[in-house]
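To start, the structure under review is shown below, and the notes come after it.
The values are calculated or read from the model by the stated rules, or taken from the named source; none is laboratory data. Note that this is a predicted model, so its numbers are computed, not measured. Quick reminder, even Gly has a Cβ in these numbers, built from the backbone with ideal geometry, and neighbours come from all protein chains shown. Accessible surface areas use protein heavy atoms only, side chains included; no ligands, DNA or RNA. Shrake-Rupley method; radii C 1.70, N 1.55, O 1.52, S 1.80 Å.
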Amino acid sequence: MIDKSLITDIFFDLDHTLWDFEKNSALTFEKIFTELNISIDLPLFLEYYVPTNHEQWKRYRNNEISQQDLRYNRLALTFKKINMAFDQATVNKISDLYVKYLSSFTNLFKGTFDLLDMLKKKYALHIITNGFESIQLQKIEISGLKHYFDFVFTADKIGQKKPHPLIFKTALEDTQTKSENALMIGDSWEADINTPLKMGFQAIHFNSHQEEKHSYCLQVNQLSDIHTFFK
């Protein structure tokens, strides 16, 4: 399914693929609620926040809501679902602190460095992410990932979010790579995999949050499976 002999450049998604978003997000909320003296059942909050955040990000990818709406809605809707009432100013404060603190946490998925160390010897590595430019660059820097990647493409900078073809087209043009020589690795079928496959990329779906199984490309459940494949 994957022809390794053709690959020259590998493009990674960041959140939920290399950077452990859910773990770092949980630690961020723990810090915020402690700082603001908010008494809350954190596991219950996260149980509702995680799917709400995914839903709001999908709406943001589809240009249905703004960046500010995304940041506000994911919190306001979660608090409503767990019957906690905060005024708009408090929700905005929590949102601002979340953005401020999130990139200070550095947890990566198990096997990230082993995989990148091996791939870097053979391929040019790059990032394509829908995350916000300043936050993503800080995550990459603080987490010790920066030196692995030649290019970092963000939706903010390109002006279109995955799965729009433009962000992938721009990545190919800027890296001077043909689609048949490119491999995309990401966690979301919709955002990371479907469009690149249609454009002629090879792809690996790192199924980090149990999306539906398919046979359109190689699908793995942990980074060590990718390491083993390329070893």
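Take the solvent-accessible surface of the protein heavy atoms, probe 1.4 Å, and return the percent of it on region 15-90 that carbon and sulfur atoms account for. Show your work: numbers first, answer last.
Working: 1900 of 3950 Å².
Using a 1.4 Å probe with all protein chains present, region 15-90 comes out at 48 percent carbon and sulfur.
Measuring from centroid to centroid over Cα atoms, what is the spacing of region 63-135 and region 188-221 in Å?
Rounded to whole Å, the Cα centres lie 21 Å apart.
Local charge sum around S224 (other residues, Cβ-Cβ under 15 Å, Lys/Arg +1, Asp/Glu -1)? Don't skip to the answer; put the middle values down first.
On the way: positive: K110, K231; negative: D20, D114, D117, D225.
Overall, the nearby charge balance is -2.
Please work out the average accessible area per residue across the chain, using the 1.4 Å probe convention, and give it in Å². Mind dumping the intermediate values first?
Working: 11140 Å² over 231 residues.
Roughly 48 Å² per residue, with all protein chains present.
Where is the GNM fluctuation largest for the chain (alpha-carbon springs, 10 angstrom cutoff): Q202, Q136, Q67?
Per the Cα network of the chain with a 10 Å cutoff, Q67 tops the list.
How large a share of the accessible area of region 124-212, in percent, is made up of carbon and sulfur atoms when the probe is 1.4 Å and the other protein chains stay in place?
Numbers: 1760 of 3590 Å².
Carbon-and-sulfur percentage of accessible area, whole number: 49.
Using only the alpha-carbon atoms, how far is helix 88-102 inclined from the longest principal axis of the chain? Give it as 0 to 90 degrees, nearest 10.
Tilt of helix 88-102: around 40 degrees.
In nm, what is the difference between 0.36 nm times the number of residues separating E30 and D96 and their Cα-Cα distance? Please list the in-between numbers first.
Working: separation 66, 0.36 × 66 = 23.76 nm, distance 1.46 nm.
Here the segment from E30 to D96 would lengthen by 22.3 nm.
Excluding residues fewer than 8 places away in the same chain, name every one of the aspartates and glutamates whose C-alpha is closer than 17 Å to that of K81.
Answer for K81, where 17 Å is the Cα cut-off: D41, E47, E55, listed by chain and number.
Cut-off under 13 Å on the C-alpha distance; same-chain residues fewer than 8 positions from K93 excluded. Which aspartates and glutamates are left, in chain and number order?
E35
Give the aspartates and glutamates whose C-alpha is closer than 18 Å to that of K157, dropping any in the same chain fewer than 8 places away, or say none.
By straight Cα distance, K157 reaches D13, D15, E133, E141, E173, D174, D192.
Using only helices, what value at 222 nm comes out for the chain when you add -39,500 (n - 2.57) per DSSP H run of length 4 or more and divide by the total residues, to the nearest 500 deg cm²/dmol? Mind dumping the intermediate values first?
Working: 10 runs with 113 residues, N = 231.
Computed ellipticity for the chain at 222 nm equals -15000 deg cm²/dmol.
How would you order 13-21, 48-56 from highest to lowest mean count of nearby Cβ atoms within 10 Å? Present the calculation step by step, with values, prior to reporting the outcome.
Details: 13-21: 23.6, 48-56: 16.8.
My ranking of the peptides, most packed first, is 13-21, 48-56.
To the nearest 10 degrees, how steeply does helix 21-35 sit against the main Cα axis of the chain, on a 0 to 90 scale?
Once rounded, the angle reads 20 degrees.
Which of the pairs K100/K139; K146/K198; K58/K146; K4/K178; K120/K178; K120/K146 have their Cα atoms more than 22 Å apart in this structure?
Numbers: K100/K139 11 Å; K146/K198 29 Å; K58/K146 27 Å; K4/K178 14 Å; K120/K178 19 Å; K120/K146 12 Å.
Going by Cα-Cα distance, K146/K198; K58/K146 fall outside the 22 Å limit.
Sum up the charges of everything whose Cβ sits under 13 Å from the Cβ of F151, counting Lys and Arg as +1 and Asp and Glu as -1, but leave F151 out. If you can, show how the numbers build up before the last one.
On the way: positive: K146, K157; negative: D9, D150, E173, D174.
Within the 13 Å Cβ shell, the charges total -2.
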